[in-house]
Amino acid sequence: MCAYCGRRFTAAAMTLDHVAPRRGRKAYDRRDNLVLACPACNAEKRDLAPIAFLLARRTRAVNLLRYGAHLSPMLIDLARSLVPTEADDAAAVASELDQLDDLDDESPYLD
C-alpha cells in the first residue's frame, strides 16, 4: 500500500520514501522517517517538505496516519493536524481515524 495515496501496488513497483527529505542527513534514514510509496507519489513528492506535500492533497494525511503508525511522533502530529475537517469529509475521516488503532497488525513496517 502506498502511504500517500492508499492504493495497492506490487512489491516490485513500490519505492521507499523519506517523509522528511534526507538532504544529506543520515539520521533521516531511520525507520521512523521511511514509508512505502508508489512511483507516482514518490516522484510528485520529490524533496518537498512533508507539510507542503500533505497540504496539496489532505487525504494524503489520512493515508499517512493509516499506514505510518511507525513514524516519529513529530510526523504523526503533523499528519493529524492536516486531516481534512470539511463537513462532507468529517464522517469519513473520523471513521478512518477510529480504525487506526486496529491497523497495527496490518502494517507492513512491523518487525
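The values are calculated or read from the model by the stated rules, or taken from the named source; none is laboratory data. The model shown is predicted, which means the values in this text are computed figures rather than measured ones. For neighbour counting, all protein chains shown are included, and Cβ atoms are generated from backbone atoms with ideal geometry for every residue, glycine included.
Would you say ARG58 is basic (Lys, Arg) and either surrounded by fewer than 16 Cβ atoms within 10 Å (Cβ to Cβ) or modelled with pLDDT of 95 or more (or both)? Spelling it out, it is not the case that ARG58 is basic (Lys, Arg) and either surrounded by fewer than 16 Cβ atoms within 10 Å (Cβ to Cβ) or modelled with pLDDT of 95 or more (or both). Scanning the range 79-102 for any residue that is at pLDDT 60 or above, of a type in the set (S, T, N, Q) and under 16 Å from MET1 (Cα atoms) turns up nothing.
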